[in-house]
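Asks: Structure provided below as structure tokens; questions to follow.
The values are calculated or read from the model by the stated rules, or taken from the named source; none is laboratory data. These numbers come from a predicted model, not from an experiment. All Cβ positions, glycine included, derive from the backbone under ideal geometry; neighbour counts span all protein chains shown. For accessibility, only protein heavy atoms count, side chains too; no ligands or nucleic acids. Shrake-Rupley method; radii C 1.70, N 1.55, O 1.52, S 1.80 Å.
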Amino acid sequence: MAKLSLFSLANLLFALIIFQCVISQSKLVMGSPLYTDSRWIVDGEGRRVKLACVNWPSHIDAVLAEGLSKQPLDAISKRIVSMGFNCVRFTWPTFLFTSDSLGALTVRQSFQNLNLSQALAGIEYNNPFIIDLPLRKAFEAVVYNLGANHLMAILDNHISKPGWCCSLDDGNGFFGDEYFNVDVWLKGLNRVASMFKGFPNVVGMSLRNELRGSRQNVDDWFRYMQQGAETVHAANPNVLVILSGLSYDLDLSFLGNRSVDLSFTNKLVFEAHRYKFSDTPTWANHSADEACGIIQDDMMSKSGFLLDKGFPLFVSEFGIDESANNATDESFMNCFLSYAAEHDLDWAIWALTGSYYIRQGKTNTEETFGLLNFDWSDVQNPRLLQRISTIQSPFKGPGLPGLRGINTGQLTNTGQLIFHPSTGLCVIRRSVFELIRRSVIAPLTLGPCTHPKALWSYTPEKTISLYGADFCIQADRPGKPGKLSNICFNPDTKWEAISDSKLHLSSTVGDGKTVCLDVDFNTNNVVTNRCKCLSDDTTCDPSSQWFKLIKI
């Protein structure tokens, strides 16, 4: 009876913790600037605020937030909220704020100059209030509307000359390029920082997107990025100052032995990007498991190490082609989500956009990486939203209710989730009532990671036990449901992460053979099967057997 009460207490505690975390992340306390506390972003009271953002482009030729020809502005903002995001990485081109002739153009004039008559008619129908605003005021109106919907904004200097980003020779890549004059860039940063000083939802400014090209070098990075950081902070000390890396924002490794020297503290964040195409040869020449291991190691060495150095890391772009239905895209996303969950990263997915007014000379073009469909009326891929939903809330951090340090009888281990990135769900224990009602024999299934029975302990003896209870996961023969046992010292109750990716959880059954946790996608039951895709077979799909233990 005592054990049952303790287990019930653990379930209740976990449910309360998750509920409080979700509520705290869904409401922005307006007027409270954000700060950094070691690797965490926190509010004025020291509580962690996790950035779970979506990219909304506004830097392309027309220099207007995309989609306003398809849907009302407020409807788009509310859609962002409904998808679980708490912020928007909102892009802008330098020339919008440094060229007075461009900044003074009205939306109508900008679209007429580009012969975008169809898009102009759509804006006039869906957002008539914005049609005759100057482009700068239109940008401001979008930021204001985000705030009205309790969405934080990260203002990202994406490019200098409006247009699609990014190529090695587009003149926008690095300091000194044709369109990347340092003085003009600093002027733009100062103007934007000053202009939005009174906007409490503007919590950060990203100094430049995807530095690249033949001119890039570490010495100039330090010289000019430090100047940019000081310029932004002097104009608006409320915002986080976000610095990107080199080589399309893949590489911050030069910070391993050299530090940024700034006059201010508790405001510095670094950002990184990752896509499947960031590592095309790796995915092409290795199995999914090998590729994932290589890429996760590379992400740690190029940017993830900053977490251990005490800096927040904001992965401000990642995403997949949602139209491709490609196995490698799936493997990349599963690999990335497990990494993002393990390190509890702040992030922004590319992109909100269902379509563009004009992109590289083509009008009314589709964005296959977009979360919304072509007419911006609905989600393009609900499954992708399900997969990222788990990382939208924080697992840990200062000021949050958590399980670390709790000492209630047996409740001394760190709680863990068993995250399945292919579904965005976690392993949960079915209740006895559910087993009887459904007449099923599988005690383990996939369910929401916020479920109170999603909490486990991974012990030094390598058992995976229900948090606060003496029941552990026991392996069975291939194809059979995983079991729960109160005898937790046999080989079939020991689990360890194996393979290059460390995403296979394996155990040894009675015949001495190795099995791995697996998912029956027809039922969502958690079963055990022979471990698959451990060789160099580039055609093998390991997604059903990829799990990640996440400390909370």
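Asks: Report the dimensions of region 213-276 along its three principal axes from the alpha-carbon atoms, largest first, rounded to Å.
Replies: Per principal axis, max minus min of the Cα coordinates gives 34, 26, 21 Å.
Asks: Quick one: length gained pulling A324 to Q386 fully straight, 0.36 nm per residue minus the C-alpha distance?
Replies: Details: separation 62, 0.36 × 62 = 22.32 nm, distance 1.82 nm.
Full extension from A324 to Q386 adds 20.5 nm.
Asks: Oh, and also: List the residues, sorted by chain then number, that are 5 or more residues from L425 or on another chain and whose placed amide H is less than 5 Å from its amide H.
Replies: Amide H to amide H, under 5 Å and 5 or more residues apart or across chains, L425 pairs with H420.
Asks: Which whole-number percent is the relative contact order of region 410-544 (Cα, under 8 Å, 6+ apart)? Numbers along the way, then the final one.
Replies: Values: 274 pairs, mean separation 25.6, N = 135.
19 percent.
Asks: A follow-up question, please. Provide the solvent-accessible area of Y224, counting protein heavy atoms only and rolling a 1.4 Å probe, rounded to the nearest 10 Å².
Replies: 50 Å²
Asks: Take every Cα pair under 8 Å in region 483-552 that's 6+ residues apart, average their separations, divide by the length, and report that relative contact order as a whole percent. Write down the numbers at each step before the final one.
Replies: Values: 94 pairs, mean separation 16.6, N = 70.
Relative contact order of region 483-552: 24 percent.
Asks: Moving to a separate point now. Only Cα pairs under 8 Å and at least 6 apart count here; give the relative contact order of the chain as a rounded whole percent. Before the final figure, lay out each step's value.
Replies: On the way: 1174 pairs, mean separation 82.2, N = 552.
Relative contact order comes out at 15 percent.
Asks: By how many degrees, between 0 and 90 and to the nearest 10, does the Cα long axis of helix 288-299 differ from the longest principal axis of the chain?
Replies: 60 degrees
Asks: Treat every Asp and Glu Cβ in the chain as -1 and every Lys and Arg Cβ as +1, leave all other atoms uncharged, and give the resulting dipole magnitude about the Cα centre to the nearest 20 debye. Show your work: numbers first, answer last.
Replies: Numbers: 49 positive and 55 negative charges, 367 e Å.
Charge dipole, the chain, about its Cα centre: 1760 debye, nearest 20.
Asks: How many angstrom lie between the Cα centre of region 299-321 and the Cα centre of region 214-232?
Replies: If you average the Cα positions of each part, the centres end up 19 Å apart.
Asks: Same structure again: Write down the accessible area per residue of region 131-255 in Å², having rolled a 1.4 Å probe over the full set of protein chains. Display every interim value, and only then the final one.
Replies: Details: 4110 Å² over 125 residues.
Ligands and nucleic acids excluded, the result is 33 Å² per residue.
Asks: List the longest stretch of the chain that has no exposed loop site; here a site is one of the GluC sites (Glu not before Pro) assigned by DSSP to anything other than H, G, I, E or B, with at most 11 other Cβ within 10 Å.
Replies: On the way: sites that count: E45, E461.
Between exposed loop sites, the widest span is 46-460.
Asks: For the pairs K50/K161; K197/K276; K453/K494; K453/K548; K276/K548, flag any whose C-alpha to C-alpha distance is greater than 27 Å. Walk me through the intermediate numbers first.
Replies: Numbers: K50/K161 32 Å; K197/K276 37 Å; K453/K494 20 Å; K453/K548 17 Å; K276/K548 20 Å.
Pairs exceeding 27 Å: K50/K161; K197/K276.
Asks: What list of ³J(HN,Hα) values in whole Hz, one per residue of region 328-344 in order, does the Karplus curve 6.51 cos²θ - 1.76 cosθ + 1.60 (θ = phi - 60°) give from phi, with Gly and Pro shown as x?
Replies: Each residue's phi maps through the Karplus curve to give 6, 4, 4, 5, 4, 5, 4, 5, 5, 4, 5, 5, 5, 5, 4, 9, 6 Hz.
Asks: Label N217 and D536 with points 7 Å out from Cα along Cα→Cβ: what is the distance between them in nm?
Replies: Placing both labels 7 Å along Cα→Cβ, they lie 4.0 nm apart.
Asks: Can you list the HN-Hα couplings for region 466-473, worked out from phi with the Karplus curve (6.51, -1.76, 1.60; θ = phi - 60°), rounded to whole Hz and with x for Gly and Pro?
Replies: 4, 5, x, 9, 8, 10, 10, 6
Asks: Give me the angle, in degrees from 0 to 90, between the Cα long axis of helix 2-26 and the longest principal axis of the Cα atoms of the chain, rounded to the nearest 10.
Replies: 10 degrees
Asks: Moving on to the next point. Roughly how many percent of the accessible protein surface of the chain is carbon and sulfur, given a 1.4 Å probe and a whole-percent answer? Don't skip to the end; give the middle numbers.
Replies: Numbers: 10870 of 21240 Å².
Reported share for carbon and sulfur atoms: 51 percent.
Asks: To continue, here is another question. Could you tell me which residue out of H273, C166, Q545 lies farthest along the dipole of the chain toward its positive end? Charges go on the beta carbon: Lys and Arg +1, Asp and Glu -1, centred on the Cα centre.
Replies: Going by the Cα projections, it comes out as Q545.
Asks: Which value at 222 nm does the chain reach when only helices count, each DSSP H run of 4 or more adding -39,500 (n - 2.57), with the total divided by all residues and rounded to the nearest 500 deg cm²/dmol?
Replies: Numbers: 15 runs with 162 residues, N = 552.
The helix-only estimate for the chain comes to -9000 deg cm²/dmol at 222 nm.
Asks: Give the label of the value calculated from the structure for volume of the Cα convex hull per residue in Å³, choosing from (i) 394; (ii) 212; (iii) 151.
Replies: Among (i) 394; (ii) 212; (iii) 151, the one calculated here is (iii).
Asks: What does the charge add up to near F175, with Lys and Arg as +1, Asp and Glu as -1, over the other residues with Cβ less than 10 Å from its Cβ?
Replies: Numbers: positive: R208, R215, R223; negative: D177, D220.
Net charge around F175: +1.
Asks: Using the alpha-carbon centroid of each, what span in Å lies between region 111-183 and region 363-401?
Replies: Region 111-183 and region 363-401 have Cα centres spaced 22 Å from each other.
Asks: Still on this model: Pull out the extension gain between S32 and N115, defined as 0.36 nm times the separation in residues minus the alpha carbon to alpha carbon distance; nm, one decimal. Provide the component values of the computation, followed by the final result.
Replies: Numbers: separation 83, 0.36 × 83 = 29.88 nm, distance 4.27 nm.
That pair, S32 and N115, stretches by 25.6 nm at full extension.
Asks: Can you give the accessible area of V260, probe radius 1.4 Å, in Å² rounded to 10?
Replies: In the full protein context, V260 sits at about 30 Å².
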